[in-house]
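Visitor: One structure, as structure tokens, below. Some questions next.
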Amino acid sequence: MQPLSGVSAPLGHVCRLRRALYDLKLAPRAWYERVLQFLLSAGYTQSMAEYAMFRRTTPHGIVLLILYVDGMIITKSDPVAIASLK
């Protein structure tokens with residue numbers, strides 16, 4: 001591994017990692033926990049049948065959000081709530 005730009009190291013030396021970069025094993029779980037906390041604090045409720053689906057009822061309609069591996073699907077009957085979520 002080459003030193004990062006701005007880090008000086010003697011010529012011919014390399015960097016030794018003490019642990020995995022970015023803790024890759026736990027990254028998906030950390031991402032899910034962060035999104036979960038945000039959605040719950042924004043008034044969404046988590047489905048008990050499908051834990052990756054969240055629902056929020058507004059005076060103008062319903063917003064459904066479904067999480068999957070590397071993204072999410074958002075559907076709605078309330079366009080103002082979608083703009084607010086984004």
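Visitor: Is it fair to say M1 is among the hydrophobic types (A, V, I, L, M, F, W, C), out of contact with any helix residue (DSSP H, G or I) (no Cβ under 8 Å at 6 or more places or on another chain) and at pLDDT below 80?
Guide: Numbers: among the hydrophobic types (A, V, I, L, M, F, W, C): yes; out of contact with any helix residue (DSSP H, G or I) (no Cβ under 8 Å at 6 or more places or on another chain): yes; at pLDDT below 80: yes.
In short, yes.
Visitor: Could you run through region 40-86 and say how many residues are surrounded by fewer than 14 Cβ atoms within 10 Å (Cβ to Cβ) and in a helix (DSSP H, G or I)?
Guide: 6
Visitor: Next up: Sort out which residues of region 50-72 are over 23 Å from R29 (Cβ atoms), hydrophobic (A, V, I, L, M, F, W, C) and in contact with a helix residue (DSSP H, G or I) (Cβ under 7 Å, 6 or more places away or on another chain), and write them in order of number.
Guide: V63
The values are calculated or read from the model by the stated rules, or taken from the named source; none is laboratory data. Here the structure is a predicted model, which is why all the values come from computation and not from measurement. Ideal geometry is used to build each Cβ from the backbone, glycine not excepted, and the neighbour counts take in all protein chains shown.
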